[in-house]
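The values are calculated or read from the model by the stated rules, or taken from the named source; none is laboratory data. The structure presented is a predicted model; accordingly, all values stated were derived computationally and were not measured. FYI the Cβ positions are ideal-geometry reconstructions off the backbone, even for glycines, and counts take in every protein chain you see.
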Amino acid sequence: MREILIRGAAVVVTMDADRRELAGGDVLIRDGVVAGVGHGLSSSGEVLEAAGCVVTPGFVNTHHHLYQTLTRAVPGGQDALLFGWLKTLYPIWARMGPEEIRVSALVGLAELALTGCSLTSDHLYLFPNGARLDDTIDAAREIGLRFHATRGAMSIGESAGGLPPDSLVEREPAILEDCIRVIDAFHDRGEGAMVRVGVAPCSPFSVSRELMRDAALLARDKGVMLHTHLAENDEDIAYSLSQFGCRPGQYAEDLGWTGDDVWHAHCVKLDGAEIDLFARSRTGVAHCPCSNCRLGSGIAPVRAMRDAGVKVGLGVDGSASNDAGSLVGEARQAMLLQRVANGADAMSAREALEIATLGGARVLGRTDCGSLEPGKRADIAIWDVSGVEAAGAWDPVAALVLCGPARVRDLFVEGRQVVRAGQVATIDLPRVMENQNRLARRLMG
Ligand SMILES: [Zn+2]
């Protein structure tokens, strides 16, 4: 039996059914699980003092392309809209291989961990030069984050009227075969799973209607989740109307892409009927506010989605369109963006925290994560609010989103300490970054 007691926090934010916040609270971890939340808890194990800190559930990232940490701030893509941005980056991504995929994933995962994330999904949809989904799963195991890898795909290249170059697309039978391989090899259905696998064709504009349909059938057969990009911007809606004769919501529904086991990234342009469809069908949304701002895509109707009962989580999206991967930064941006659209009372700091934690866990189908309650997995972020960013704050919980800090002091995943005193404790990050910079220089040519 291994115990860690997190003692005397300024506030413990539980995200339990009553959204209790415990001033001066403690959290007891036993064998990777939350064993107690309260006051005056004791343990014969390790004790971690949390005075001056806000303790929250680990944040959940519902959309990312980890490989893109190797293509941040690429000059030709800095000021382009979605389709032009993709066309700039595809040829660069085509030069990557297994080492680039693994190292860039480690860097992206480290950035997430430092900014509060304990559980992340990743959407890998290109496999150049022998790269495999396995490379990202290896990276997640090494750093110790809980990981939902999704096997993406593109099958319609330029010569068939698609957007990506032919060298980056795969044959559809091979895609489905590899989906089966990675599900059988890595997907853990059990409570407390550290790795799950999902099926995730890149977007309706890079795969065929048949692959979308077959992917949904396969995912249901295997009992895994489905993920893709949907309704990201005006170009995306125009493409759907001209190519499929319907809006994205209708396209998704027709092909089996709605339900409790489906989540879509962006959904910036969902209309009222599509929001109702998502609420009715329990379809989830990965809201990526920084990426939406960066690509000028628009403001997702998150207020309307939440009011209608749609499950919403946060996503940093790939580091080629953010270009940061800070999950706590994303919580702040989500709150600010709803206020731009709907006024200062449109989203509170606490609601942003709820979306970042419990909201994301629900989108990813995790009932064992997202809150600090006995029996839940011990995924815990400890934020030091005694620093300069929050000095003078009257409300430490709101301060976490309104003021800072931008990084965690400590992070636990399944009771294991991944960040200790502000540093990643599980990998040699400076060495990984050196490697990353070498690979980036090689990609630049
Ligand atoms: Zn994306």
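Quick test for you: out of ALA273, ALA279, ALA300, pick the one residue that is surrounded by 24 or more Cβ atoms within 10 Å (Cβ to Cβ) and touching a helix residue (DSSP H, G or I) at 6+ places or on another chain (Cβ under 9 Å). The unique qualifying residue is ALA300.
Would you say HIS39 is within 30 Å of ILE156 (Cα to Cα) and modelled with pLDDT of 95 or more? It is false that HIS39 is within 30 Å of ILE156 (Cα to Cα) and modelled with pLDDT of 95 or more. Residues of the range 119-130 that are away from the ligand (no atom under 16 Å from the Cβ) and either without any contact (Cβ under 8 Å) to a residue 60 or more places away in the chain or in a helix (DSSP H, G or I) (or both): PHE127, PRO128, ASN129, GLY130.
Selection of the range 275-295 for residues being modelled with pLDDT of 95 or more and within 16 Å of the ligand (Cβ to nearest atom) yields GLY284, VAL285, ALA286, HIS287, CYS288, PRO289, CYS290, SER291, ASN292, CYS293. Of all residues in the range 139-174, those satisfying the criterion of being free of Cβ contacts under 8 Å to residues at least 40 places away in the same chain and surrounded by 16 or more Cβ atoms within 10 Å (Cβ to Cβ) are GLY157, VAL169. Any residue that is farther than 20 Å from VAL432 by Cβ, in contact with a Leu (Cβ under 9 Å, 6 or more places away or on another chain), of a type in the set (Val, Ile, Thr) and at pLDDT below 95 - is there at least one of those in the range 83-91? No, the range 83-91 has no match at all. Checking each residue in the range 258-274 for being outside any strand (DSSP E or B), within 16 Å of the ligand (Cβ to nearest atom) and out of contact with any Gly (no Cβ under 7 Å at 6 or more places or on another chain) picks out only CYS267. One residue alone among LEU124, LEU109, LEU82 is surrounded by fewer than 24 Cβ atoms within 10 Å (Cβ to Cβ) and touching a Ser or Thr at 6+ places or on another chain (Cβ under 8 Å), and that residue is LEU82. Scanning the range 379-416 for residues that are part of a loop (DSSP other than H, G, I, E, B) and either within 19 Å of the chain's Cα centre (by Cα) or of a type in the set (Gly, Ala, Ser) (or both) gives ASP379, SER386, GLY387, ALA391, GLY392, ALA393, GLY404, ALA406, ARG407, VAL408, GLU414, GLY415. Of the residues in the range 323-331, at least one is crowded, with 24+ Cβ neighbours inside 10 Å, more than 16 Å from the ligand (Cβ to nearest atom) and part of a helix (DSSP H, G or I). Among the residues of the range 54-63, is there at least one that is within 16 Å of the ligand (Cβ to nearest atom), over 30 Å from ARG7 (Cα atoms), touching a residue at least 40 places away in the same chain (Cβ under 8 Å) and of a type outside the set (Val, Ile, Thr)? There is at least one residue in the range 54-63 that is within 16 Å of the ligand (Cβ to nearest atom), over 30 Å from ARG7 (Cα atoms), touching a residue at least 40 places away in the same chain (Cβ under 8 Å) and of a type outside the set (Val, Ile, Thr).
Considered as a group, the residues in the range 219-256 that are at positive phi and more than 16 Å from the ligand (Cβ to nearest atom) include one that is nearest to the chain's Cα centre (by Cα), and that residue is GLY223. Among the residues examined, ALA219 qualifies as of a type in the set (Gly, Ala, Ser) and assigned to a helix (DSSP H, G or I).
Selection of the range 301-320 for residues being within 12 Å of VAL268 (Cβ to Cβ), away from the ligand (no atom under 13 Å from the Cβ) and in a loop (DSSP other than H, G, I, E, B) yields only PRO301.
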